[in-house]
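The values are calculated or read from the model by the stated rules, or taken from the named source; none is laboratory data. As the structure is a computational prediction, the values presented were derived from the model and not from experiment. Methodologically, a virtual Cβ is constructed for each residue, glycine included, from the backbone with ideal geometry; neighbour enumeration extends over all protein chains shown.
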2 protein chains.
Amino acid sequence: MLTEKIIDQLNTENKRIISRIISKVEEGNSGSVEILKMLHSKTGKAYRIGITGPPGAGKSTLTNQLTKLYRKEGKTVGIIAVDPTSPFTGGALLGDRVRMNEIGNDRGVFIRSMASRGSLGGLSKKSIDAADVLDAAGYDFIIFETVGVGQSELDIAKAADTTVVVLVPESGDSIQAMKAGLMEIADFFVLNKSDRPGADSALMSLQTILMLRDHDEKSWLPQILKTVAQENKGIEEVAAEIERHKKYLNESNLLLEKRKRNVNVRVQEIVDKTIITEIWNNERLGYLNEKSGQIISGEISPYQMAEEILNNYKKNITLNE
Amino acid sequence: MLTEKIIDQLNTENKRIISRIISKVEEGNSGSVEILKMLHSKTGKAYRIGITGPPGAGKSTLTNQLTKLYRKEGKTVGIIAVDPTSPFTGGALLGDRVRMNEIGNDRGVFIRSMASRGSLGGLSKKSIDAADVLDAAGYDFIIFETVGVGQSELDIAKAADTTVVVLVPESGDSIQAMKAGLMEIADFFVLNKSDRPGADSALMSLQTILMLRDHDEKSWLPQILKTVAQENKGIEEVAAEIERHKKYLNESNLLLEKRKRNVNVRVQEIVDKTIITEIWNNERLGYLNEKSGQIISGEISPYQMAEEILNNYKKNITLNE
């Protein structure tokens with residue numbers, strides 16, 4: 001009852017309620033599930049943009065500038081910044097502070113930072129849940145900003161309608177590092193800091209890589225746009241390319257298809273996570289722990305142990321019914 | 001019956017049988033599980049070394065040199081090279097060829113390359129299964145060589161008894177990129193290509209980062225070793241540090257503890273993978289696919305859908321019993 005009341009108050013004018021609901025949702029308990037179920041019918045209106053790339057490419061700056069542009073057009077923006085926080089660098093924290101000063105106080109902008117540390121597995125689930133809250137609140141655009149390192153971050157970027165991969169002239173070896181992962185999810189590329197030496201050759205090698213790609217049936221060819229986000233150069237072109245991609249998706253009916261694919265992945269993740277949590281209760285974890293010495297010594301094989309635990313789980317479902 | 005016969009022939013003298021069994025195991029069907037169960041009692045003797053780091057750090061070269069050193073000492077070596085193959089670069093392929101020429105023909109060396117492309121989730125499971133085959137065959141050392149990008153690759157490196165993280169003077173921003181992930185799994189670091197400019201300052205910043213780390217109760221402090229693997233410099237020191245770590249683990253009884261922890265993770269992965277495969281049969285995947293339009297349109301929430309599928313799975317277990 002209380003929850004329903006709160007959800008009725010969910011709109012872009014009420015940032016405190018949004019914050020509160022996202023926090024509730026992040027708890028990941030049965031209450032969270034109820035909230036997400038109730039929210040769901042209000043979702044689907046926001047356009048979701050993923051901005052990813054190697055660390056230091058200028059993703060936050062680009063996100064900030066793009067947000068300011070959208071605000072000028074009267075659009076509201078929700079940002080989910082996913083950040084594999086490190087105990088070693090304060091970079092992310094500093095960036096957050098700059099951001100809050102620049103756009104954080106704008107009534108039409110909501111920013112939520114999520115740290116991946118210690119919760120890698122559940123991060124894409126949490127981010128997409130939070131995006132649903134922002135979507136239901138009525139934001140026109142939702143931007144997922146994630147570092148393109150690791151599967152989980154890529155999963156988040158892929159969950160967007162349009163995915164932008166940001167690179168810099170120096171990220172030549174980052175391209176190597178990320179390899180297929182980043183290349184394949186990009187709907188277009190932004191070569192940021194393109195006033196730096198090496199920009200033209202970076203552009204050329206990027207183009208070469210794109211040409212080497214398997215050309216599938218899809219008629220959309222990812223472009224490469226040059227920006228200097230720090231100086232607000234090229235941002236309008238980025239917004240225009242997002243718009244062009246959106247239009248392409250709508251006209252080819254691919255938006256629905258993409259969203260269906262994403263929702264399928266999401267349901268599968270929820271199912272998987274739920275059942276895994278059910279299986280690994282303290283009792284079974286304790287049992288495994290007890291037996292691990294016998295596995296090491298060669299008496300029981302890991303596969304035999306797994307079978308035993310699965311059978312135990314299944315038997316208990318039967319008994320509960 | 002046939003399988004048992006093959007397993008009896010499993011030893012380092014018989015590379016064709018090893019290859020065949022690994023391929024069988026990779027199929028991941030019930031036959032594979034049977035083989036792994038039978039093998040298991042023969043495992044536990046090999047010492048497992050993980051070598052990881054950013055692309056281009058020289059992991060293969062280091063692995064090759066270390067292997068040659070072990071061979072001189074009369075030890076046998078099995079190598080599992082995990083490679084996030086890219087459609088864009090031929091680097092890995094070239095490296096493989098060099099390697100085969102250098103050590104591939106040695107009777108006491110077995111090399112298996114595994115590509116992560118398209119099978120990211122199952123890669124750590126597959127690698128560890130293959131390591132069990134090599135362990136049962138009787139190799140003294142098993143080296144997991146993986147690129148330190150992505151969770152799956154890190155999982156493999158962590159499954160080793162001693163994990164070596166290889167960096168180069170230029171990988172300053174790689175450190176940023178990998179952040180906590182690589183730092184936390186290292187039992188020691190190798191600064192390769194340490195004859196390059198910037199080696200000393202790289203060493204210093206690495207030391208600074210290590211000092212900033214939370215010091216936990218464990219008395220083992222990761223050292224940083226300098227090598228020029230290409231010129232075979234510093235390799236003996238690497239082997240000595242592996243030996244020192246092995247001795248430390250044995251004397252502190254931490255080897256058993258570490259292996260228990262790893263085997264727990266492994267059993268959990270097997271259980272999770274098995275049940276997820278069971279749930280997502282064609283029927284349920286088809287049903288989800290059919291309903292995804294209604295999820296997009298807001299009629300059904302993803303959480304409701306997940307619940308329905310889970311209930312269906314559980315009900316069918318009951319009926320089957």
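The condition of being over 23 Å from B:Leu154 (Cβ atoms), assigned to a loop (DSSP other than H, G, I, E, B), β-branched (Val, Ile, Thr) and not assigned by TED's automatic domain parsing to the domain that holds B:Pro169 holds for only one of B:Ile300, B:Ile309, that being B:Ile300.
Taking the range B:1-26 as the region of interest, how many residues are modelled with pLDDT under 90, farther than 19 Å from A:Gln304 by Cβ and of a type in the set (D, E, K, R)? Selection size over the range B:1-26: 4.
Among the numbered conditions (1) outside any helix (DSSP H, G or I); (2) over 18 Å from B:Val133 (Cβ atoms), the only one that B:Thr61 does not meet is (1). Please work out which residue is surrounded by the most Cβ atoms within 10 Å (Cβ to Cβ), limiting yourself to the range B:274-296 and to residues that are more than 9 Å from chain A (Cβ to nearest Cβ) and farther than 26 Å from A:Asp132 by Cα. Top of the filtered list is B:Asn281.
If we keep just the residues of the range B:27-37 that are touching a Lys or Arg at 6+ places or on another chain (Cβ under 7 Å) and either modelled with pLDDT of 90 or more or surrounded by 15 or more Cβ atoms within 10 Å (Cβ to Cβ) (or both), which is farthest from B:Ser127 (Cα to Cα)? My answer is B:Ile35. Taking the range A:194-213 as the range and being away from chain B (no Cβ under 14 Å) and surrounded by 13 or more Cβ atoms within 10 Å (Cβ to Cβ) as the test, the residues that pass are A:Ser194, A:Asp195, A:Arg196, A:Gly198, A:Ala199, A:Ala202, A:Leu203. Restricting the range B:38-52 to residues that are part of a helix (DSSP H, G or I) and buried (at least 16 other Cβ atoms within 10 Å of the Cβ) leaves a set whose member that is nearest to the other protein chains (Cβ to nearest Cβ) is B:His40. B:Gln65 fulfils the conditions (1) more than 27 Å from B:Leu154 (Cβ to Cβ); (2) modelled with pLDDT of 90 or more except for a single criterion, (1).
Listed by position, the helices (runs of 4 or more DSSP H) inside the range B:169-225 whose residues that are at pLDDT 75 or above number at least 3 are B:180-185, B:199-212. Quick check: anything in the range A:238-254 assigned by TED's automatic domain parsing to the domain that holds A:Ile49, of a type in the set (A, V, I, L, M, F, W, C) and modelled with pLDDT under 85? No, the range A:238-254 contains no residue that is assigned by TED's automatic domain parsing to the domain that holds A:Ile49, of a type in the set (A, V, I, L, M, F, W, C) and modelled with pLDDT under 85. Would you confirm, using the coordinates I've provided, whether A:Ile242 is more than 7 Å from every other protein chain (Cβ to nearest Cβ) and not in a helix (DSSP H, G or I)? Judged against the criteria, A:Ile242 is not a match.
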